[in-house]
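Trainee: I have a structure here, written as structure tokens, and I will follow up with some questions on it.
The values are calculated or read from the model by the stated rules, or taken from the named source; none is laboratory data. Keep in mind it's a predicted model, so treat the numbers as computed, not measured. Counting neighbours? That spans all protein chains shown, and the Cβs are built from the backbone with ideal geometry, glycine included. Keep in mind that these areas ignore ligands, DNA and RNA; they rest on the heavy atoms of the full protein, side chains included. Shrake-Rupley method; radii C 1.70, N 1.55, O 1.52, S 1.80 Å.
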Amino acid sequence: MPLIEFTDKGLYCAQGQFYIDPWQPVNKAIITHAHSDHARWGSSYYLCHHLTKPILQLRLGDNNYQTVEWNEPVYMNGVTITLHPAGHIIGSSQIRVEYNGEIWVVSGDYKTENDGISGQFEPVRCHTFITESTFGLPIYRWQPQEVLFASMRKWIAQNKEQGRTSLLLAYSLGKSQRVIKALADSVDHVFVHGAVYNTQQALQHAGWRFPEVEKVTNDIPKELFHQNLVVAPGSAADSPWIKKMQPVSTGICSGWMQVRGNARRRNTDAGFALSDHADWDGLLQTVKATGAEKVFVTHGFQSAFSRFLNENGIEAGEVKTAFGNEEEDETIPETAIESSAVNINDPENEA
Ligand SMILES: [Zn+2]
Ligand SMILES: [Zn+2]
């Protein structure tokens, strides 16, 4: 029996009797990170990194949480479990599972660039690696975040000159904190949607320090929005409260913006390909660095990425999970996936 099985409730370790990021209620759940497709309600016990707990409490309420530091072992029926930084969002962790000398690692979501908040991703040596592949096509290659933040600052400056509100759509957990931290200096006020506000409050209660933000309310005079920055999740893009901020320039922060035309299709003024996921090179380097003999690919372009690995001498298979449809997806134009589902061997797509 494999150390980790793919069951209808999620990734299951029978020897240790626990699940990793189960999508149905179970007895013991180990949670990679607090995004809603990985951390679900109803389990009797949750094990997570201590930085993940405040957000789980915000989203799932009070539960039986056990927290650990990275690299601090927990033992379950002879199985050794450790968490390792995944660099995706605050507290995000890869789960390393070891039994009788056999080692599996479940990546959860990860990114290899250090965002200064989520910790530095570290590849973990293992025999079997279960990797995400949200951006597992060679067209997805990120620019360094400083380059992206510089173009956001330039965009904000232009909007200011024209007396416009800069509205950035960014997922409330992860990207919003990065954007606020990087851009707060370029405006007098940062206004945020309630979801972003609540997340930041929870993190501040846990001891984090972020630049000061103000929650968008009806009492704020509309002139105050002009020349300032508003940060909201993608789902808020069509909210009536945006009308109040007119004239508005809207920018989307999402890896999907890497594909030219996606911002335009979404009727947006600007697209910034800032992602909390590894790009093509990050995925590939990570898979190699784990030294894994066998790779399972899930959560994204699993068939393209696993095919590429197989063709390049790394045994890989695809696995269907209930992950995905989360932070990046909120801001995906419907057409993004179709237009990027292309043949990875086509040199035209290397741009
Ligand atoms: Zn995630
Ligand atoms: Zn995910």
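Trainee: With a cut-off of at least 2 residues that are within 30 Å of Asp281 (Cβ to Cβ), name the strands (runs of 3 or more DSSP E) lying wholly within region 144-246.
Mentor: Qualifying strands (runs of 3 or more DSSP E): 165-169.
Trainee: May I ask you to list the residues in region 69-107 that are aromatic (Phe, Trp, Tyr), assigned to a strand (DSSP E or B) and surrounded by fewer than 19 Cβ atoms within 10 Å (Cβ to Cβ)?
Mentor: Within region 69-107, Tyr75, Tyr99 meet the criteria.
Trainee: Within region 114-125, count every residue that is touching a helix residue (DSSP H, G or I) at 6+ places or on another chain (Cβ under 8 Å), of a type in the set (D, E, K, R) and open to solvent by 20 Å² or more (accessible area, probe 1.4 Å).
Mentor: Of the residues in that region, 1 qualify.
Trainee: Considering only residues that are open to solvent by less than 30 Å² (accessible area, probe 1.4 Å) and either β-branched (Val, Ile, Thr) or assigned to a loop (DSSP other than H, G, I, E, B) (or both), which ones fall in region 43-65?
Mentor: Ser43, Thr52, Ile55, Gly61
Trainee: Restricting the search to region 242-257, which residues are out of contact with any Lys or Arg (no Cβ under 7 Å at 6 or more places or on another chain) and either surrounded by 14 or more Cβ atoms within 10 Å (Cβ to Cβ) or closer than 30 Å to Gln143 by Cβ (or both)?
Mentor: Result: Ile242, Thr250, Gly251, Ser254, Gly255, Trp256, Met257.
Trainee: Condition first: surrounded by fewer than 17 Cβ atoms within 10 Å (Cβ to Cβ) and at positive phi. Now tell me which residues in region 20-42 satisfy that.
Mentor: Gly42
Trainee: Just to check your reading of the model, which residue among Thr199, Thr165, Thr128 is surrounded by 16 or more Cβ atoms within 10 Å (Cβ to Cβ) and either in contact with a His (Cβ under 7 Å, 6 or more places away or on another chain) or among the small types (Gly, Ala, Ser) (or both)?
Mentor: Within the list Thr199, Thr165, Thr128, the selection yields Thr165.
Trainee: May I pose another question? Select from region 269-278 the residues that are open to solvent by 20 Å² or more (accessible area, probe 1.4 Å) and either under 17 Å from Gln120 (Cα atoms) or assigned to a loop (DSSP other than H, G, I, E, B) (or both) and list them in ascending order.
Mentor: Residue satisfying the conditions is Asp269 alone.
Trainee: Would it be correct to say that Ser92 is modelled with pLDDT of 95 or more, within 22 Å of the chain's Cα centre (by Cα) and under 26 Å from Val295 (Cα atoms)?
Mentor: yes
Trainee: Regarding region 203-213, can at least one residue be identified that is buried (at least 18 other Cβ atoms within 10 Å of the Cβ), more than 21 Å from Gly271 (Cβ to Cβ), over 21 Å from the mean Cα position of the chain (by Cα) and of a type in the set (A, V, I, L, M, F, W, C)?
Mentor: Taking every residue of region 203-213 in turn, at least one turns out to be buried (at least 18 other Cβ atoms within 10 Å of the Cβ), more than 21 Å from Gly271 (Cβ to Cβ), over 21 Å from the mean Cα position of the chain (by Cα) and of a type in the set (A, V, I, L, M, F, W, C).
Trainee: Among what's in region 180-195 and is surrounded by fewer than 18 Cβ atoms within 10 Å (Cβ to Cβ) and among the aliphatic types (A, V, I, L, M), pick the residue that is farthest from Lys215 (Cα to Cα).
Mentor: Looking at residues that are surrounded by fewer than 18 Cβ atoms within 10 Å (Cβ to Cβ) and among the aliphatic types (A, V, I, L, M), I get Ala184.
Trainee: Filter region 132-150 for residues that are open to solvent by less than 50 Å² (accessible area, probe 1.4 Å) and either of a type in the set (S, T, N, Q) or within 16 Å of ligand 2 (Cβ to nearest atom) (or both) and give the result.
Mentor: Residues satisfying the conditions are Glu132, Ser133, Thr134, Phe135, Gly136, Tyr140, Gln145.
Trainee: Now a separate question. Can you tell me which residues in region 80-127 are within 15 Å of ligand 1 (Cβ to nearest atom) and aromatic (Phe, Trp, Tyr)?
Mentor: Tyr110, Phe121 - these are the residues of region 80-127 that are within 15 Å of ligand 1 (Cβ to nearest atom) and aromatic (Phe, Trp, Tyr).
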